[in-house]
Each structure stands twice: as structure tokens, then as C-alpha cells.
Amino acid sequence: MSGTRAAIRYAKAILDLAVSSESAQEVHLDMVLISATIKGNAELSNFIQNPTISVAVKESALIEVFAGTNGITKKLFHLLFENKRFEILESIALEYNKLFDVLNGFEVAHVTTAFPMDANLEAQVSEKIKMFSDKKITIQNTVDPAIIGGFILRIGDKQYNASLANRLQVLKRELSN
């Protein structure tokens, strides 16, 4: 938990620095690259997480791997070197991207369905999204057959449950009373 809180603090600081130097978009692209690279490369992830590898080696390796990144991103690597916190780099990148999206009025709608969304269901979900948010929305679909049918929509801390499993559960509670 403290790693997540620390990642949020680092991400906020990096975003503030990037905004003040008018390079938030470039740093955002760096953070997308960093999170995708670490997530997609188990060897790099293990290297960063390995406590037996010195932080100096980690810093020089990351600067070499991400050589084309913005100067602010490279400053982040040095800051993580000084504080010996390379293990939270991926979390920092993810948190930065979330904060960047909020800053630019973007929000992710997490939609859980029993099967992949078709055009009709996507239209229904889009109508519900308009009730919850006036921001630019990106829909992220997750398939979970356990909900039987319908959908569950989550935007930030708001949730709309229109699943068949939820309706059955409500009916069961009403009948048991």
C-alpha cells in the first residue's frame, strides 16, 4: 500500500514539473512506453524488482533502455536512484497516466459484460455513461460470464449494475424477506 501512495506522490510531482515545463504530453508518452515495456518484458520487470542489483546499475540500464525519453523522465530515474525506489517505477508510470488523463478531461469507463460488446450494447452503455460523466470517455470492456447478461459500468468511484446476476440477487433478497 505504501508503494502505491509513494507512486502517486512521485507521479504528481513529475506531472507538476512536466506541466510547468510544457512537456506533459511528451512525459505522458514516456510513461506509456515505460509501463508497457515493464509489463510486457518479464526480464526487465525482474531486473527492476531484484534487490540484489545495485541501484546504480538499475539507473544506468534504464537510461540506456529508455534513451529516447524526455529529460524529466530521466530525472525521475535519477530521483529513484537517490531514493532507492526503482521497484515502484511501473506504478509511477501508471499513476502519471491516470493523472494526465484527469488533467486533460479523459476518463476510463470499465464495462463488464457476459460476452464481448456488440454495437447495440455499446450504444446502451454510451447512454448510461452520459448520465455519469460529461468527460471524454474511453470504454474498456472486460468479459465475465458470471454476470449472466447485461453489464456493469464503473466510472471512477461510481458504478451502475445492470447485470442479470445482480437482478437475480435483488429478487432473491426480496423473496427471502
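At-a-glance table
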read-out	value
Failed item in (1) touching a helix residue (DSSP H, G or I) at 6+ places or on another chain (Cβ under 8 Å); (2) within 26 Å of residue 39 (Cβ to Cβ), with residue 162 passing the rest	(2)
Search result, residues across the stretch 144-159 that are within 8 Å of residue 112 (Cα to Cα) and assigned to a loop (DSSP other than H, G, I, E, B)	144
The stretch 120-149, subset over 26 Å from residue 100 (Cβ atoms) and at pLDDT 85 or above, residue nearest to the chain's Cα centre (by Cα)	143
Tabulated pairs, the stretch 8-26, first surrounded by 13 or more Cβ atoms within 10 Å (Cβ to Cβ), second assigned to a loop (DSSP other than H, G, I, E, B) and not polar (S, T, N, Q), C-beta under 8 angstrom, 6+ apart or interchain	10/85
Top-ranked residue of the stretch 31-42 - restricted to ones that are within 16 Å of the chain's Cα centre (by Cα) and without any contact (Cβ under 8 Å) to a residue 60 or more places away in the chain, ranked as surrounded by the most Cβ atoms within 10 Å (Cβ to Cβ)	34
Residue within the stretch 92-111 that is among the acidic types (Asp, Glu) and either in contact (Cβ under 8 Å) with a residue 60 or more places away in the chain or part of a helix (DSSP H, G or I) (or both) present	yes
Tally, over the stretch 140-177, of residues that are surrounded by 11 or more Cβ atoms within 10 Å (Cβ to Cβ) and of a type in the set (Asp, Glu)	1
Residues satisfying the stated conditions in the stretch 116-139, i.e. surrounded by 11 or more Cβ atoms within 10 Å (Cβ to Cβ) and closer than 20 Å to residue 165 by Cβ	117, 121, 124, 125, 128
Filter result for residue 109 (within 30 Å of residue 164 (Cα to Cα), aliphatic (A, V, I, L, M) and within 16 Å of the chain's Cα centre (by Cα))	yes
Candidate set from the stretch 112-139 (those that are out of contact with any Asp or Glu (no Cβ under 7 Å at 6 or more places or on another chain) and among the hydroxyl-bearing types (Ser, Thr, Tyr)); member that is nearest to residue 150 (Cα to Cα)	113
Within the stretch 15-53, considering residues that are of a type in the set (Val, Ile, Thr) and assigned to a helix (DSSP H, G or I), the one nearest to residue 95 (Cα to Cα)	32
When residues of the stretch 43-97 are limited to those that are hydroxyl-bearing (Ser, Thr, Tyr) and within 19 Å of the chain's Cα centre (by Cα), the one surrounded by the fewest Cβ atoms within 10 Å (Cβ to Cβ)	45
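The values are calculated or read from the model by the stated rules, or taken from the named source; none is laboratory data. Note that this is a predicted model, so its numbers are computed, not measured. As a convention, Cβ positions derive from the backbone with ideal geometry for all residues, glycine included, and neighbour counts pool all protein chains shown.
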